[in-house]
Amino acid sequence: MTETQNISAERTDILDLLAGRRHFLRFTAQNLTDEQATTRSTVSELTIGGLIKHVTAVEKGWQQFARGEGHVMADIDWENPADGQIEAFQNGFRLVDGETLEWALAEYERTGAITDEMVRTADLDASYELPEAPWQPPGVFWSVRRVFLHIAAETAQHTGHADIIREAIDGQKSMG
């Protein structure tokens, strides 16, 4: 009996969904150098390394939320941000000094393992209020289940970005 046979079909489906989305994001970075991973190959500021770092940070924020500990985005006053908050937010989308693609991928792997364990064990029906943000009105609650599905959706969205960036670097595609 495999490990996933000991958990519900729903949890197995969520784990499979996350694994599939993560695979394609990691695939966009396959065989890249650090220079290529930080290359802006389109008019966008985004890079493959920066996207992996961002997806990792977002997943960590949702882990915190799913544990009922709030969300890191709640710490930013978007109308009047504290000194350095905007730069720190922007640095979440790029590899900075001392950060490598290998580091970003390892951090992404560790973060995914934590999320996967949460999928196996968390109360999927627990629900928490989302933090207020310019794109989010007050009074909206998400279940832990929805958080995990959102992580998969966010990963898929950014994998599409990474795929376009990668194709512009060397023609490689994650699919097709």
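The values are calculated or read from the model by the stated rules, or taken from the named source; none is laboratory data. What you see is a predicted model; the values in this text were computed from it and never measured. Positions of Cβ are generated from backbone atoms using ideal geometry, with glycine treated the same way; all protein chains shown enter the neighbour counts. Keep in mind that these areas ignore ligands, DNA and RNA; they rest on the heavy atoms of the full protein, side chains included. Shrake-Rupley method; radii C 1.70, N 1.55, O 1.52, S 1.80 Å.
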Any hit, region 111-120, residues being farther than 25 Å from R40 by Cα, of a type in the set (D, E) and in contact with a helix residue (DSSP H, G or I) (Cβ under 7 Å, 6 or more places away or on another chain): yes
Qualifying position, being open to solvent by 60 Å² or more (accessible area, probe 1.4 Å), of a type in the set (V, I, T) and at pLDDT 95 or above, among T28, T12, T47, T33: T33
Selection status of Q90, within 13 Å of the chain's Cα centre (by Cα) and closer than 19 Å to L46 by Cβ: no
1 or more residues farther than 30 Å from N6 by Cα, open to solvent by less than 40 Å² (accessible area, probe 1.4 Å) and at pLDDT 95 or above: qualifying helices (runs of 4 or more DSSP H) within region 67-176: 101-121, 144-170
Top-ranked residue of region 94-152 - restricted to ones that are touching a residue at least 60 places away in the same chain (Cβ under 8 Å) and polar (S, T, N, Q), ranked as farthest from Q30 (Cα to Cα): T115
Residue in region 34-54 that is closer than 25 Å to V140 by Cα, out of contact with any Pro (no Cβ under 7 Å at 6 or more places or on another chain) and touching a residue at least 40 places away in the same chain (Cβ under 8 Å) present: yes
Meets criteria (open to solvent by less than 60 Å² (accessible area, probe 1.4 Å) and either free of Cβ contacts under 8 Å to residues at least 12 places away in the same chain or of a type outside the set (S, T, N, Q) (or both)) for K60: no
Contacts under 8 angstrom Cβ, first residue in region 12-24 being within 26 Å of E167 (Cβ to Cβ), partner open to solvent by 70 Å² or more (accessible area, probe 1.4 Å) and aliphatic (A, V, I, L, M), 6 or more apart: L17/L149; F24/M175
